[in-house]
1. Which residue, of 269, 239, is closer than 20 Å to residue 138 by Cβ, buried (at least 19 other Cβ atoms within 10 Å of the Cβ) and modelled with pLDDT under 75?
2. Tell me, which residue of the range 116-127 that is in a loop (DSSP other than H, G, I, E, B) and touching a strand residue (DSSP E or B) at 6+ places or on another chain (Cβ under 9 Å) is nearest to residue 259 (Cα to Cα)?
3. Determine whether the range 60-68 contains at least one residue that is assigned to a helix (DSSP H, G or I), surrounded by 17 or more Cβ atoms within 10 Å (Cβ to Cβ) and modelled with pLDDT of 95 or more.
4. Pairs needed: first member in the range 246-265, on the phi > 0 side of the Ramachandran plot; second member anywhere, at pLDDT below 90 and part of a loop (DSSP other than H, G, I, E, B); C-beta distance under 7 Å; at least 6 residues apart or different chains.
5. Please work out which one of (1) in contact with a strand residue (DSSP E or B) (Cβ under 6 Å, 6 or more places away or on another chain); (2) part of a helix (DSSP H, G or I); (3) modelled with pLDDT of 95 or more is the condition residue 51 fails and give its number.
6. Have a look at 217, 227 and point out the one that is touching a strand residue (DSSP E or B) at 6+ places or on another chain (Cβ under 7 Å), outside any helix (DSSP H, G or I) and either farther than 27 Å from residue 190 by Cβ or at pLDDT 85 or above (or both).
7. Please indicate, with yes or no, whether at least one residue in the range 160-171 is without any contact (Cβ under 8 Å) to a residue 40 or more places away in the chain, surrounded by 16 or more Cβ atoms within 10 Å (Cβ to Cβ), under 28 Å from residue 104 (Cβ atoms) and touching a helix residue (DSSP H, G or I) at 6+ places or on another chain (Cβ under 6 Å).
């Protein structure tokens with residue numbers, strides 16, 4: 001059936017919009033930090049890991065009465081993110097996403113790119129703002145997330161993603177970087193703070209399976225139910241991990257999206273997307289794009 005084969009021609013990284021789940025948390029977190037709504041040295045109430053939101057009960061995997069702000073991201077606390085979102089008004093939380101270019105095309109050099117969807121702040125109810133804080137109620141594409149995470153790994157600069165650097169025509173090469181956007185959207189201090197928070201996700205939190213000796217790595221897991229016409233499914237998920245892997249001289253931003261993994265428990269990003277991220281890092285080392293740092297105190301370069 002030729003019709004069934006057409007989907008393989010789609011560039012899903014730019015054409016597939018989806019609710020990304022917890023990989024959105026760092027952007028809401030950064031917005032609150034940038035606006036002075038939270039401080040890194042404060043402790044937030046996480047209600048023992050169980051919190052009533054409307055007619056639903058939100059539960060955290062890591063059940064704690066209180067968390068530091070850094071622990072909210074480290075342990076991917078939905079309850080902690082809800083408390084942070086309460087401190088932001090509708091315009092602030094949506095504008096914070098727009099700063100990272102969610103809701104608009106990234107400008108990658110490919111056709112048919114989708115711009116995703118972000119909510120209208122005028123129509124955002126409190127419960128919708130709460131679930132937005134942990135990655136539901138908006139649609140994003142893989143390339144949007146990759147470009148946004150690159151901001152944390154690139155001193156606060158947003159860079160237009162590109163597949164091709166130059167093209168060859170009439171016997172000479174022509175560069176394609178004239179229209180590449182390089183825009184400072186986050187302070188260097190805020191970018192470094194978030195970079196360190198994401199490093200702790202791997203070293204101390206939900207991303208431990210990505211630890212690679214001698215490599216400065218950080219990132220965020222995301223597991224999100226797939227929405228269908230009847231509502232959210234109970235057995236179909238998207239699992240993802242977005243982050244970075246650096247040595248002393250090179251920096252790579254890496255994203256992994258596993259759509260509807262089928263193996264038992266593989267719908268958890270830590271069981272599917274995270275090992276693939278680690279595989280990519282290992283390939284970069286084996287191909288000598290990354291050189292492990294000999295000093296055991298590898299994160300000192302980020303302090």
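The values are calculated or read from the model by the stated rules, or taken from the named source; none is laboratory data. These numbers come from a predicted model, not from an experiment. Please note: Cβ atoms are built from the backbone with ideal geometry, for glycine as well, and neighbour counts cover all protein chains shown.
1. Values: 239 fails: modelled with pLDDT under 75.
Of the residues listed, the single one that is closer than 20 Å to residue 138 by Cβ, buried (at least 19 other Cβ atoms within 10 Å of the Cβ) and modelled with pLDDT under 75 is 269.
2. Taking the range 116-127 and keeping what is in a loop (DSSP other than H, G, I, E, B), we get 116, 118-120, 124-125.
Next, from what is left, pick out any that are touching a strand residue (DSSP E or B) at 6+ places or on another chain (Cβ under 9 Å): 116, 118.
On the way: 116: 17, 118: 21 Å.
Checking each candidate, the answer is 116.
3. Of the range 60-68, the ones assigned to a helix (DSSP H, G or I) are none.
No; the residues of the range 60-68 include none that is assigned to a helix (DSSP H, G or I), surrounded by 17 or more Cβ atoms within 10 Å (Cβ to Cβ) and modelled with pLDDT of 95 or more.
4. Nothing qualifies.
5. Just one mismatch for residue 51, condition (2).
6. Working: 227 fails: touching a strand residue (DSSP E or B) at 6+ places or on another chain (Cβ under 7 Å).
Selected residue: 217, the only one of 217, 227 that is touching a strand residue (DSSP E or B) at 6+ places or on another chain (Cβ under 7 Å), outside any helix (DSSP H, G or I) and either farther than 27 Å from residue 190 by Cβ or at pLDDT 85 or above (or both).
7. In the first step, residues of the range 160-171 are kept if they are without any contact (Cβ under 8 Å) to a residue 40 or more places away in the chain; the result is 165-171.
From what is left, the residues that are surrounded by 16 or more Cβ atoms within 10 Å (Cβ to Cβ) are none.
No, there is no match, as no residue in the range 160-171 is without any contact (Cβ under 8 Å) to a residue 40 or more places away in the chain, surrounded by 16 or more Cβ atoms within 10 Å (Cβ to Cβ), under 28 Å from residue 104 (Cβ atoms) and touching a helix residue (DSSP H, G or I) at 6+ places or on another chain (Cβ under 6 Å).
Okay, residues lined up against (1) in contact with a strand residue (DSSP E or B) (Cβ under 8 Å, 6 or more places away or on another chain); (2) at pLDDT 95 or above:
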site	(1), (2)
105	no, no
129	no, yes
156	yes, yes
162	no, no
191	no, yes
